[in-house]
1. Evaluate region 159-166: report whether one residue or more is at positive phi, part of a loop (DSSP other than H, G, I, E, B), modelled with pLDDT of 95 or more and not assigned by TED's automatic domain parsing to the domain that holds C278.
2. Can you tell me which residues in region 129-158 are among the hydroxyl-bearing types (S, T, Y) and either at positive phi or in a helix (DSSP H, G or I) (or both)?
3. Taking the residues in region 124-141 that are touching a helix residue (DSSP H, G or I) at 6+ places or on another chain (Cβ under 7 Å) and surrounded by fewer than 20 Cβ atoms within 10 Å (Cβ to Cβ) as candidates, determine which candidate is nearest to T182 (Cα to Cα).
4. Take the residues in region 210-261 that are among the polar types (S, T, N, Q) and surrounded by 23 or more Cβ atoms within 10 Å (Cβ to Cβ); name whichever of them is modelled with the highest pLDDT.
5. Would you mind finding the one in I336, I264 that is surrounded by 16 or more Cβ atoms within 10 Å (Cβ to Cβ) and either more than 16 Å from the chain's Cα centre (by Cα) or farther than 29 Å from L207 by Cβ (or both)?
6. Among the residues of region 339-369, count how many are crowded, with 16+ Cβ neighbours inside 10 Å and aromatic (F, W, Y).
7. T339 versus (1) part of a loop (DSSP other than H, G, I, E, B); (2) touching a Leu at 6+ places or on another chain (Cβ under 6 Å); (3) among the polar types (S, T, N, Q): which is the lone unmet condition?
8. Exactly one condition in (1) surrounded by fewer than 17 Cβ atoms within 10 Å (Cβ to Cβ); (2) touching a strand residue (DSSP E or B) at 6+ places or on another chain (Cβ under 9 Å) is not met by E372; state its number.
Amino acid sequence: MTDYSKIPSPCYVLEKKKLIQNLELIDCVQKRAEIRIILALKGFAMFSAFPIVKKYLQGTTASSLFEARLAREEFGGELHLYCPVYQENEFQELIQEATHISFNSLRQWEQFKEKILLNQVSSGLRINPEYSPVKQEIYNPSSPLSRLGIRAEKLGDKLPEGIEGLHCHNLCESNSQALARTLEQIEALFGHHLRQIKWLNLGGGHLITSKSYDIDHLIQVITSFKTRYPHLDIYMEPGSAVAWETGVLRATVLDLIETSGPIIAMLDVSFTAHMPDCLEMPYKPCIRGAREPKEAEPKYRMGGLTCLAGDFMGMGDYYFETPLQVGDTILFEDMIHYTMVKTSMFNGIKHPAIGIVGSDGSFKLVREFDYEDYKGRLS
């Protein structure tokens, strides 16, 4: 049993046992469906855990030069690239050791195709299936005015010579029914191209490791699709699913502010800097040991460390069986995916440490951050 009160605060804490459970499920899916699942670094790039992850996944997908370098240095295997726009001054370094690359526009394919063909990287085009179940515009890549992906009418009847794949990403923490609808749209809009290509990348957003995800339906959907297109290599590249519910952000109560409404617990973490998805989505994270308050019960609102007025959890309050006190430990659940990859040092506040809880419950501190990390990002 891990004593989280003994862990440095604040700290992102990955639980190794839960990560392995997720990876074993993902591996089972890729074997049953006969597809390849790779790691999307934009969702999870904790490279101290890569020795575990690469036992199950065959490669990564990168969306920037730095992500591609991290993949080459720390992961290996297949390296898939997709950037909304590629930069000439980075391109040659970006494609080193890459196995696949997807272009967001026909113009960029024409701009870089000679270098790609010379380096023998399998090339694809990102398509817009004109469907997404995602309601929040900030996470919807298939909206009518989206800058991501080529619409069917722009692609025409024939793919450019040299294009070997299509890439579709339109989901976000979605279920197998959304995948089925996506494949229907791909066949309806781009079906005539599927015979011309070698691979189809279905992107991320497949929340395979969620308890509510229908794995059997996923297998059925993919298997049915593959009977129609047996020549295609199918890829998925989830980010959230790999690290879903695999760890916490450990925080500490520093002060308690009385108001005419809830008591505000001032923490040593920031929603703005350390949990930005809570404000962007927005969503209310679970806190271990807390629940929704009932009427007339004392309510606690979580407040962040920065000076930003909006740095607090505005999606709802919490109830604790035992009243909070200064020095209490707060554990925000499910804070490993899309957290470390999106943090900042806004306001000069300290970045949370990073650590791993082993299968035996022991804690290992992987990394701490200090003033030089903050200063080194500025000039």
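The values are calculated or read from the model by the stated rules, or taken from the named source; none is laboratory data. Computed from a predicted model, the values in this text were never measured in an experiment. Cβ sites come from the backbone with ideal geometry, for glycine too, and all protein chains shown count toward neighbours.
1. Pass one, region 159-166, residues at positive phi: 162.
Still in the running and part of a loop (DSSP other than H, G, I, E, B): 162.
Restricting the remaining residues to those that are modelled with pLDDT of 95 or more gives 162.
Filter once more, so that each one left must be not assigned by TED's automatic domain parsing to the domain that holds C278: 162.
For region 159-166, residues at positive phi, part of a loop (DSSP other than H, G, I, E, B), modelled with pLDDT of 95 or more and not assigned by TED's automatic domain parsing to the domain that holds C278: present.
2. Let us first name the residues in region 129-158 that are among the hydroxyl-bearing types (S, T, Y), namely 131-132, 139, 142-143, 146.
Once the filter is applied, which keeps residues that are among the hydroxyl-bearing types (S, T, Y) and either at positive phi or in a helix (DSSP H, G or I) (or both), region 129-158 yields only Y139.
3. In the first step, residues of region 124-141 are kept if they are touching a helix residue (DSSP H, G or I) at 6+ places or on another chain (Cβ under 7 Å); the result is 125, 127, 129-131, 133, 138.
Restricting the remaining residues to those that are surrounded by fewer than 20 Cβ atoms within 10 Å (Cβ to Cβ) gives 130-131, 133, 138.
Details: E130: 9, Y131: 7, P133: 9, I138: 19 Å.
Restricting to residues being touching a helix residue (DSSP H, G or I) at 6+ places or on another chain (Cβ under 7 Å) and surrounded by fewer than 20 Cβ atoms within 10 Å (Cβ to Cβ), the top hit is Y131.
4. Taking region 210-261 as the starting set, the residues that turn out to be among the polar types (S, T, N, Q) are 210, 212, 220, 223-224, 227, 240, 246, 252, 259-260.
Cutting the leftovers down to surrounded by 23 or more Cβ atoms within 10 Å (Cβ to Cβ) gives us 240, 246.
Numbers: S240: 94, T246: 98.
Only one residue fits best here, namely T246.
5. On the way: I336 fails: either more than 16 Å from the chain's Cα centre (by Cα) or farther than 29 Å from L207 by Cβ (or both).
The match here is I264.
6. Residues meeting the conditions: 2.
7. In the conditions (1) part of a loop (DSSP other than H, G, I, E, B); (2) touching a Leu at 6+ places or on another chain (Cβ under 6 Å); (3) among the polar types (S, T, N, Q), T339 misses (2) alone.
8. Status for E372: all satisfied but (2).
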